[in-house]
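Here's the structure we're looking at; comments come further down.
The values are calculated or read from the model by the stated rules, or taken from the named source; none is laboratory data. None of these values were measured; they are calculated from a predicted model. Methodologically, a virtual Cβ is constructed for each residue, glycine included, from the backbone with ideal geometry; neighbour enumeration extends over all protein chains shown.
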Amino acid sequence: MNTFLKPLRTSTTLQESLELSSISSSQISRRLKMIPTEILEGLFLELIGKVKQKAPSEIKGTQIRIIDSTCLRLPATLANWAYVTRDHTQIKIHVRVLVLTKNEEKEVIPEKAIPTTGNVSDYETMNFLVEDDGTIYVMDRGYVKYKQFDTWLEQKVQFVTRINEKHRVWQVEQELPVHPDSNIIRDAIVQLGSAFRKTENSLRLVEFLDEKGRKYRLATSCFDLSAEEIADIYRQRWLIELFFKWMKQHLRLVKLYSYDPQGIWNQIFIALIAYAMAMLIHVISGTRMSLWEVLQSLRLLWEKPNLLLESELHRRSKSQNNKGRQRSTKMYKEPPIMNTSVGMIKPRRK
């Protein structure tokens, strides 16, 4: 906390913009509750829109969007409004990200975020995150709902979601051929469920084994792709897990300044705004720095002239072309002579 507040205390510009004579944790907590969340959400969406406009052309064509949620634990004594069970007082952040392929590497662009209390199930938010936009939506087991599957199948929404073993096959319409050397163990057109509750429309069931021999079962509406392509699409789901980890570590979402619902919502969107700003600068500048390095530079130089930030963003790429003085590595057979009496070097046995 102190390491984060120290640069804020020394920034008169920030204090003036926030109309604060000084900055402390309690002041940040009080001010967070006062900001209209709609303004922060709108700013985040505007910045992300600019990122997608400036992003490379690789996002065009077949697009993949991933939806998932992550939890933030809260102290039960300070946030009883977020009580879930005796052991869990928490909120959730339900997020949709767009997968971007850049230089054969995968990145994600966060497009939507819905903060909720921890007792809101994943499938309760999927209508707000999934759209009929021609992209393939990738989801985990928390989004399984047969009625919604039928709606998506009727609307031609493409999705790939993981299902459990408890989701049984009610009727098999067709078993598709599987290559014996493939990691695919089943590819079939089926109806899921039981006599009590089942899908009314047919979907595709793909089962495969990963590198460690673990079995995965996927339900999908993608009938025109191979089973191997469907399995590869689902493997990209780990990208959103990396995004959540990045947000919590680098934008310090694990440390909340307020335990009021609106204060927490606002801190979440402020973190997303910082992510979007760093990504926009990263895309526009064409720097070879990582997104984390861009964010660090932005934190250090946000009050400085733009030319200084631009110079810093391209400093690394220039230095990569100039090897400079190379460090020599010496192999000592005998201990080197030292001009100090501190420490001890014991010769090797011959």
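What the table shows:
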read-out: Unmet criterion (only one of (1) of a type in the set (A, V, I, L, M); (2) closer than 21 Å to residue 98 by Cα; (3) surrounded by fewer than 21 Cβ atoms within 10 Å (Cβ to Cβ)) for residue 300; value: (2)
read-out: Unmet requirement for residue 232, which otherwise passes all of (1) under 18 Å from the mean Cα position of the chain (by Cα); (2) surrounded by fewer than 16 Cβ atoms within 10 Å (Cβ to Cβ); (3) in a helix (DSSP H, G or I); value: (1)
read-out: Selection from the range 214-255 of residues that are of a type in the set (A, V, I, L, M) and touching a strand residue (DSSP E or B) at 6+ places or on another chain (Cβ under 7 Å); value: 218, 219, 227, 230, 231, 233, 239, 240, 253
read-out: Scan of the range 227-264 for residues that are touching a Ser or Thr at 6+ places or on another chain (Cβ under 7 Å) and either modelled with pLDDT under 90 or not aliphatic (A, V, I, L, M) (or both), ordered by number; value: 228, 244, 257, 258, 262, 263
read-out: Any pair with Cβ under 6 angstrom, 6 or more apart, that starts in the range 32-43 at a residue that is within 8 Å of residue 266 (Cβ to Cβ) and ends at one that is loosely packed, with under 15 Cβ neighbours inside 10 Å; value: none
read-out: Members of the range 64-111 found to be under 20 Å from residue 277 (Cα atoms) and not hydrophobic (A, V, I, L, M, F, W, C), listed by number; value: 96, 101, 102, 106, 107, 110, 111
read-out: Qualifying residue in the range 238-257 (condition: buried (at least 21 other Cβ atoms within 10 Å of the Cβ) and not in a helix (DSSP H, G or I)); value: yes
read-out: Residue check, residue 196 aromatic (Phe, Trp, Tyr) and either farther than 26 Å from residue 63 by Cα or touching a Gly at 6+ places or on another chain (Cβ under 7 Å) (or both); value: yes
read-out: Residue check for residue 185: over 21 Å from residue 133 (Cβ atoms), buried (at least 18 other Cβ atoms within 10 Å of the Cβ) and not acidic (Asp, Glu); value: no
read-out: Filtered residues of the range 164-218 (kept if free of Cβ contacts under 8 Å to residues at least 12 places away in the same chain and aromatic (Phe, Trp, Tyr)); value: 196
read-out: Residue ID - surrounded by the most Cβ atoms within 10 Å (Cβ to Cβ), chosen from residues in the range 215-229 that are among the charged types (D, E, K, R) and in a strand (DSSP E or B); value: 217
read-out: Failed criterion for residue 186 (all others in (1) in contact with a helix residue (DSSP H, G or I) (Cβ under 9 Å, 6 or more places away or on another chain); (2) closer than 19 Å to residue 138 by Cα; (3) not in a loop (DSSP other than H, G, I, E, B) hold); value: (2)
read-out: Selection from the range 138-151 of residues that are surrounded by 15 or more Cβ atoms within 10 Å (Cβ to Cβ) and touching a strand residue (DSSP E or B) at 6+ places or on another chain (Cβ under 6 Å); value: 138, 139, 140, 143, 144, 146
read-out: Filter result (closer than 21 Å to residue 31 by Cβ and either over 21 Å from the mean Cα position of the chain (by Cα) or assigned to a loop (DSSP other than H, G, I, E, B) (or both)) within the range 258-291; value: 258, 259, 260, 261, 262, 263
